[in-house]
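The values are calculated or read from the model by the stated rules, or taken from the named source; none is laboratory data. Note that the structure is predicted; figures quoted are calculated from it, not measured. All Cβ positions, glycine included, derive from the backbone under ideal geometry; neighbour counts span all protein chains shown. These accessible areas exclude ligands, DNA and RNA; they are computed on the full protein's heavy atoms, side chains included. Shrake-Rupley method; radii C 1.70, N 1.55, O 1.52, S 1.80 Å.
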Amino acid sequence: MQQTTEEGSGDFTLEADSPEAAAAILNRAWKVAMAEGSSLVRLPDGQVQLIERTDIIARRVSFLLLDERGEEVRAVTPPNGHAH
């Protein structure tokens, strides 16, 4: 498994009952964009931002042992060193 952490940003103005409620709206819109393979985040009120990934913050590779159902059993370290 390789995990890459990327950074990008966009500005939205929301009215919500709390910061957490606003974050939930943004999170739903972001998940829809990711599912579509798009960088365009669209809010229900019509706001749209292009969230381009500008920087790779970190990259990590790990190896996982899976059972016959594809469930993770444990992490595996190669004999020649550590996975990073």
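Data table
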quantity: Carbon + sulfur, % of accessible area of the chain - ligands and nucleic acids excluded, 1.4 Å; calculated: 50 percent
quantity: Accessible area per residue in Å² at 1.4 Å probe, computed on the range 3-84; calculated: 80 Å²
quantity: Charge dipole (debye, nearest 20) of the chain; +1 at Cβ of Lys and Arg, -1 at Cβ of Asp and Glu; calculated: 340 debye
quantity: C-alpha long axis of helix 19-35 to longest principal axis of the chain, angle in °; calculated: 60 degrees
